[in-house]
Amino acid sequence: MKEKLSVEKASNGDWIVKAIGGKGQVASVFQSKPQAVLYARENADGREVVIHTSAGQVIRRPEVKTSKPAKVMRNAVLKAMQTK
Amino acid sequence: MAKPPDFETSIFINCPVDGNYIPLLRSIVFTVLACGLSPRSALQERDSAAVRLDKIKKLISRCQLGIHDISLTTLDHGSALPRFNMPFELGLDLGAREYGTGHLKSKVILIFDSEQYRYQKFLSDIAGQDISAHHNDAWIMMNKIRDWLNSLRTPQTPPLSAPTVLYEKFQDFLRRLPAICTMTGLDERNLDFNDYLYFATEWIALDA
């Protein structure tokens, strides 16, 4: 099984990023979900990032053709979230 | 026909797409995504050369679940004629389950109208199906979709987020959507379905 990075909510409310399906089981812990997701994406190194909801469901990312580059759209969402 | 790999997690969305319905459409898409499923709509396909009916048939065959809203019964402003696309696509989906083979037999469908028994006056042939009323209210719509999806999950999977949690997150997202559109140079009032889908997915990935 190809190794993936999984972003999951821990029972104490933290968010953890851990490698699944590979040899290592090293997990990194974050206090917020955006921090965990960004860390996972930055450290994916070609691995698929599987993001869970706080209730435990895997978030599916539909393949869509957007009007603007994905990076631009992602950054806008992140900025809007940070100014909440 | 072989079962597509994402058959169980794909939901065919068949609903009006005009201006008045946009808030409900957005609530459907957000709920489906936040429940860990993938909304599929003919609006996602930008290949104008493809025959629309072929696109619809392909989508229906690739989705185990379907949400159909037959509430749009008013006459079109331009032509003064009713639009029959939604009931037609509902019929295709019901037909796929009825006459299809293999995995198509497992299709599950949720039908909405604006009022509980109104459909009996314009589509009485579907009597016997379970029709939900959304009363043109996003909160009611989200509640019913969430409860429906929660009832379909297997015992091994965790319960879905509570409706109030989903609705708060949706409202939070809607409050920030104009700013997101401004930052990307897009018009929130005329936001393309795919762009909305992308923004909602990303918001849920970071927040839900």
Exercise. Among B:L160, B:L186, B:L92, whose mean-square fluctuation peaks in a Gaussian network model of chain B (Cα, cutoff 10 Å)?
Worked result: B:L186
For this session: Can you check what the net charge comes to around B:D6, using other residues whose Cβ is under 15 Å from the Cβ of B:D6 (Lys, Arg +1; Asp, Glu -1)?
Result: +4
Exercise. Once every DSSP H run of n ≥ 4 in chain B is given -39500 (n - 2.57) and the sum is divided by its residues, what mean residue ellipticity at 222 nm do you get, rounded to the nearest 500 deg cm²/dmol?
Worked result: -14500 deg cm²/dmol
Exercise. Scaled to the compact-protein estimate 2.2 N^0.38 Å, what is the alpha-carbon radius of gyration of the protein assembly as shown, rounded to two decimal places?
Worked result: 1.03
Exercise. Roughly what % of DSSP beta bridges within segment A:6-84 run antiparallel, to the nearest 5?
Worked result: 80 percent
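Pull out a ≥ b ≥ c, the square roots of the eigenvalues of the alpha-carbon gyration tensor of segment A:4-82, then state rounded if a/c is under 1.5, prolate if not and a/b is larger than b/c, and oblate in the remaining case.
Working: a/c = 1.86, a/b = 1.44, b/c = 1.30.
Prolate.
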Problem set entry | Net charge over other residues, Cβ less than 13 angstrom from the Cβ of B:A133 (K, R count +1; D, E count -1) | -3
Problem set entry | Separation of alpha-carbon centers, segment B:98-119 and segment B:140-208, rounded to whole Å | 23 Å
For this session: For segment B:80-164, just say rounded, prolate or oblate: build the C-alpha gyration tensor, square-root its eigenvalues into a ≥ b ≥ c, call rounded for a/c under 1.5, and beyond that prolate if a/b exceeds b/c, oblate if not.
Result: oblate
Exercise. In segment B:71-120, what GluC sites (Glu not before Pro) fall in a loop by DSSP, with at most 13 other Cβ atoms inside 10 Å?
Worked result: B:E115
For this session: Can you bin segment B:107-208 into rounded, prolate or oblate? Criterion: square roots of the alpha carbon gyration tensor eigenvalues sorted a ≥ b ≥ c, rounded for a/c under 1.5, prolate for a/b above b/c, oblate for the rest.
Result: oblate
Exercise. With charges only on Cβ, +1 for K and R and -1 for D and E, what is the dipole size of segment B:7-161 about its Cα centre, in debye, rounded to 20?
Worked result: 380 debye
For this session: Check each of the chymotrypsin sites (Phe, Trp or Tyr not before Pro) in segment B:71-127 and keep only those in coil by DSSP with at most 14 other C-beta atoms within 10 angstrom; list them in order.
Result: B:F84, B:Y117, B:F122
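Return an integer: the convex hull volume of the alpha-carbon atoms of chain B, in Å³ per residue.
Per residue, the Cα convex hull of chain B comes to 144 Å³.
Read-outs throughout are calculated quantities, based only on the coordinates presented, and are distinct from any laboratory measurement. Being a predicted model, the structure only gives us computed values, none of them experimental. Because the Cβ atoms are built from the backbone with ideal geometry, glycine has one as well, and the counts that use them run over all protein chains shown.
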